Every structure is written in structure tokens, then in C-alpha cells.
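The values are calculated or read from the model by the stated rules, or taken from the named source; none is laboratory data. These numbers come from a predicted model, not from an experiment. No Cβ is skipped: glycine too gets one built from the backbone with ideal geometry, and neighbour counts run over all protein chains shown.
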Amino acid sequence: MRTMQTSSTRQWSVRQALPVFSVLLMLAPSAFAGDVANDPTQSPTTESVLYNFTTTYSNPFSSLTADAAGNLYGTAFDGTKYPNGAVFELSRDKNTWQEKPLVVFNGKNGRYPSGQMVFDPQGNLYGSTVEGGDGPCPDGCGVIFELSPSAGGVWKYMILYSFQNGNDGATPGNNLLLDPSGNLYGTTDFTSGPASNGTVFELEHPAQQNESWTLKTLFIFNGTDGFTPNSLTFSGGALYGTTSEGGSSNFTGTVFRLKPANGTWNYTLVYAFTGGADGGFPDNIVSSGTSNVLYGTAGGGASTYGVIFEIAPDSSGTWTESVLYNFTGGADGAIPGPLSVAGPDRLFGTTNSGGDASACSFMYPYLGCGVVFEFVPSTATETVLHAFTGPPSDGGGPYSSGVILDQGALYGTTYYGGNGQCSNGTEVVGCGTVYTLSP
């Protein structure tokens, strides 16, 4: 297990130049199904742990994905027995949940899965790994993979693309998007290659079953226009995203747009964060459901513990950023992660820290284990639905894992917590959990 810190300066031993935050929640279509999204008076508030990870593989870092039957799919970032991570399924069995691995990574087939996976209409599951594959990076440059269901509950694993650290970039550690034609979109992070500031790419679905997928680099960042992209979303016929750093104002991150026209993708700098009251080092961006109106989270802000922001054009078409909420670092949480949209005026999210200040003393900045919250943009009202209490009975540290909505409940993961025997070298901190909040 790799110890992680929830601060704007944290570093990972396996990803030495990654953004402060890294993963956008992009919900699978099935994740919007359920009563909570349709009933504005009902909020899920009762939390329970569905699964405790063990030292076999552990530390889920990204958001879950649900299939049409309500089964949950996610990734474990690393582990003791299987240190390269795994993809797992949690399936419903009456009133219990059964966990099984779909693939265990060995380096050659990928290493350190990171980023929320996405289903296509045929039930194939797509994801990425930060390292591994046959690229020339010391431990591989990362892969995009497909898992296809087959008879007997067996899933067939296939690498669709192995990054080579050229203009294609490397370390594709963030969420993937799927368009109606079955093409995938994603980002790569900081590398030592020619695309060292990061890229946005499209992985084009083959026209014939026996053909290969084709990667197209849509944009290469140069630092001034952004550095280390960390999220993507669709809105109004364009791709919008964030970079955790870079930009023309204090190098503290950007919101950008890529819009297709005549076979090319045209880049627009939508907003450059200043790192002041407007926030900085953005975590993610998500479509509000209204064309060209976007919500996101970032660090900093008036209280320095993070913000929820809105990006929208004014009457003249000029993009403006508005801070909707400043986290205080107390009971309301600190360092917000991905958001999920549950309606035109309803968001759910998590914070990496804050909440119960007496819990998770092993987690920097020592403010608590994090919270799950509901947010109403029109009134700027944040309501804490659950404050994590940490091991051994609860999770801790959602980090870059947001929540998904399915059948009236919220589901998510925590990097720490639970009754697993993972240690940070000083104390048992748990191996992570899958949890639910129900009405």
C-alpha cells in the first residue's frame, strides 16, 4: 500500500508529477437511474460498508461504475499480494454483495489502474492504467483496456492501446468518456516525452471487429495553455476539461474547451485560475445538464480548503467563473473531490478530509476522514450526509472517488479504512472500502 496525503503538495512514489487532484467523476448512464435523482425531498443519509478490501489488493482510488443490473465495478490501485492492482466486481446477491476480481494486473498487462471505468451499450467495460504495457517508460507508459463479458461469468481482457511516450503521451490515469459511436476520449499526464505537459486523445473504435483501435492526439498542452489535464466532460457538442496546473495566471490551473470543426479540434482557454479567492489547481469539471454550464471543484479559495465553482458564459459570450461554496475545513469537509449531477439543481460529492476531526489522525492535513455531501447550487447550500470515521468499522479518505447514484442510493469508495490489515508503517489504516448511503 502506498501512503497518500491530502494536501496541495502531495506526491506519489509511482506518479511523481501528477496533479494535486486527479479524477473526474463521469457517471455511466445507469448511474442516473433511481428515486433519489427524481425525488428532491429524499436524501440518502444512512451509511454502511459493503466491502472491506484486504492486503490481496487494496486502496480503491477512483469512482465506481454501475451496470444495468446494479452491479458495481471499480479498481483497486495496488496491494500486497497483487501490488499492481486489480479490477473488481461487486454483485448483488439478495441482501449481500459478492466481490470477485475480473483482472489482476501484472505490469505487462497494465499497472496501477486509475480513473473511473465506463460501459458501452454492449456491456463492454473500458478503463486505463497509469503504468504498464509495452511502452518505453521504465515501468511501461500505461494502457487503455477493455473487459468483455462472456459465458460463465468470465471476462475477457484486452489491451486496446499501449502508450509510447511520444506525441501520444503517457500515464493515462484519468476518467474515460464514451461517445455514441463507441469512441473513447481521455487525457495523459506529465511525462518526459515530447507531449510532456499532457494531451487529450481520442481512441477510435474500429469499423470492423478484427481491426485495431486507432489513437488520435487531439491536443498537446504547452504549459501556458495548461499542464497535466485531469478531467473531461461533454457539453454542447464540445469537450471541456481541466488542467491541474498551467495557464496564463499564476500557473494554477485552467478550464479549457476542445470543439470539433472540419475534422480538427479547436482549443479555447475558457478560464485560468489565479490561485486566490477563485480557487486553484482544479480537480474536475462536470456538465450541469444545461449546455455550456459547468460545475467543478478546486483547491484554495477564501478559506484555502477548496471550492465548488461554476463556469458559464455571460450575455456577451465571455466565460466567467463563480465560486458557489468555500469549504471551511471543519465539519463541512476539506479538499473536495469529484461532483455528480443528480438534477438541474442538485449535486453530490466527497471531500478528501475534514468532517470528524477526531478521526483518521494518520491522514494529512489531520482534519478528519472526509465527508459525503449534497449541494444545491441555487441556494449555495451544502449538507453533510456522512462524515467518515475511519478504521476498523468505516472508510476514510475518499480522495478522487466521487459517488454514483443507482436505484435510490449512493455508492463510493475510500482509499483507507475498513477492517483490512494494511499499514502505513506505523499503524493499521485499513485497506479501503466500498460503501453505500441509502435513504
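Quick notes on this structure:
- Qualifying positions in the range 354-380 - within 20 Å of SER400 (Cα to Cα) and in a strand (DSSP E or B): VAL371, VAL372, PHE373, GLU374, PHE375
- The one condition in (1) at positive phi; (2) part of a loop (DSSP other than H, G, I, E, B) that GLY152 fails to fulfil: (2)
- Condition met for SER340 (under 25 Å from TYR415 (Cβ atoms) and surrounded by fewer than 21 Cβ atoms within 10 Å (Cβ to Cβ)): no
- Residue list for the range 121-136, filter: in a loop (DSSP other than H, G, I, E, B), closer than 17 Å to GLY193 by Cβ and touching a strand residue (DSSP E or B) at 6+ places or on another chain (Cβ under 9 Å): GLY132, GLY133, ASP134, GLY135
- Filter pass, GLY246 being buried (at least 20 other Cβ atoms within 10 Å of the Cβ), touching a residue at least 60 places away in the same chain (Cβ under 8 Å) and within 26 Å of PHE281 (Cβ to Cβ): no
- If you go through the range 190-217 and pick out every residue that is among the β-branched types (Val, Ile, Thr), in contact (Cβ under 8 Å) with a residue 12 or more places away in the chain and either farther than 24 Å from THR65 by Cβ or surrounded by fewer than 16 Cβ atoms within 10 Å (Cβ to Cβ) (or both), you end up with 2.
- Verdict on GLY408 being out of contact with any Lys or Arg (no Cβ under 7 Å at 6 or more places or on another chain), under 28 Å from ALA69 (Cβ atoms) and surrounded by fewer than 18 Cβ atoms within 10 Å (Cβ to Cβ): yes
- Test result for ASP139, at negative phi, touching a strand residue (DSSP E or B) at 6+ places or on another chain (Cβ under 7 Å) and surrounded by fewer than 20 Cβ atoms within 10 Å (Cβ to Cβ): yes
- Positions within the range 147-189 being of a type in the set (A, V, I, L, M, F, W, C), more than 16 Å from TYR126 (Cβ to Cβ) and surrounded by fewer than 23 Cβ atoms within 10 Å (Cβ to Cβ), in sequence order: ALA151, VAL154
- Selection count where residues are modelled with pLDDT under 95 and more than 22 Å from THR187 (Cβ to Cβ), scope the range 277-290: 2
- Selection within the range 98-117 - farther than 18 Å from TRP155 by Cβ and either touching a His at 6+ places or on another chain (Cβ under 7 Å) or in a strand (DSSP E or B) (or both): GLY107, ARG111, TYR112
- Residues that are more than 19 Å from ALA357 (Cβ to Cβ) and without any contact (Cβ under 8 Å) to a residue 60 or more places away in the chain within the range 393-434 comprise just one, VAL428.
- Conditions (1) buried (at least 20 other Cβ atoms within 10 Å of the Cβ); (2) modelled with pLDDT of 95 or more; number of the one not met by SER401: (2)
- Qualifying positions in the range 79-96 - surrounded by 16 or more Cβ atoms within 10 Å (Cβ to Cβ) and more than 17 Å from SER58 (Cβ to Cβ): SER91
- Hits in the range 45-74 - residues which are assigned to a strand (DSSP E or B) and among the hydroxyl-bearing types (Ser, Thr, Tyr): THR46, SER48, TYR51, SER58, THR65, TYR73
- Of the candidates ASN292, ASN284, the single residue that is surrounded by 24 or more Cβ atoms within 10 Å (Cβ to Cβ) and either polar (S, T, N, Q) or more than 20 Å from the chain's Cα centre (by Cα) (or both) is ASN284.
- So GLN164, is it part of a loop (DSSP other than H, G, I, E, B), more than 24 Å from GLY337 (Cα to Cα) and modelled with pLDDT of 95 or more: yes
- Complete set of residues in the range 75-90 that are at pLDDT 95 or above, out of contact with any Ser or Thr (no Cβ under 6 Å at 6 or more places or on another chain) and assigned to a strand (DSSP E or B): ALA86, PHE88, GLU89, LEU90
- For the range 49-78, residues that are on the phi > 0 side of the Ramachandran plot and surrounded by fewer than 24 Cβ atoms within 10 Å (Cβ to Cβ) total 1.
- Residue ID - farthest from PHE281 (Cα to Cα), chosen from residues in the range 250-268 that are buried (at least 17 other Cβ atoms within 10 Å of the Cβ) and out of contact with any Leu (no Cβ under 8 Å at 6 or more places or on another chain): PHE251
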